[in-house]
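Right, one structure below, let's go through it.
FYI, it's all coordinate maths here, none of it is from the lab. All values reported here derive from a predicted model rather than from experimental measurement. Ideal geometry is used to build each Cβ from the backbone, glycine not excepted, and the neighbour counts take in all protein chains shown.
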């Protein structure tokens, strides 16, 4: 199966080389950094569609494995068995989630209860803009949604782009186009909640 072979080539353990590179970046910039990658356990051929959150010290604050697989995911990935994750930071509680997860009300409810800023890594493939759904999630859950989306064509798949920062009460604060590499920046409020997990 070609897709699983490709996953095997790209999959890394945690920690691994990609995390090490991003950890150096997080430390240099003194920032929280969330990103997606394919992971595997040492000695196993089981792969996960994962997201990692690094602290400003470059340490791994959390790793989340996508729970709700979509279409091609099933050809190479195992569903994550961990719960949704919220990490207390000096900016508020950062929640993690990947792509198709956002279609499930259980995630929306988790975000509403435990999250201030939702770090959302995605490869959105719908023919229409993802922004209306992302805005609906942000409003429902009362979270600032920070979506990093892939764009362009890979083999037979077309990704939609439109990475965005969305406020629950003010809508889209910053966004990029459907077909462009970009860095988007917007200053959002700092939240101060005691950790409730």
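Brief remarks follow.
- Fully extending the segment from residue 91 to residue 21, taken as 0.36 nm per residue of separation minus the present Cα-Cα distance, adds 22.8 nm.
- Segment residue 57-residue 30, length gained on full extension (0.36 nm per residue, minus Cα span): 9.0 nm
- GNM flexibility winner over the chain from 171, 95, 71 (Cα, springs under 10 Å): 71
- Candidates 162, 78, 154, ranked by Gaussian network fluctuation over the chain, Cα under 10 Å, top entry: 154
- For the chain, modelled as a GNM whose springs connect Cα atoms under 10 angstrom apart, the maximal fluctuation among 41, 138, 86 occurs at 41.
- Extension gain, residue 106 back to residue 136 (0.36 nm per residue minus Cα-Cα distance, nm): 9.3 nm
- For the chain, adding -39500 (n - 2.57) for each run of n ≥ 4 DSSP H residues and dividing by the number of residues yields -6500 deg cm²/dmol at 222 nm.
- Projecting label points 7 angstrom from Cα along Cα→Cβ for residue 129 and residue 184 puts them 1.0 nm apart.
- Stokes-Einstein diffusion for segment 56-157 at 37 °C, viscosity 0.692 mPa s, with a Kirkwood radius from C-alpha pairs, works out to 226 µm²/s.
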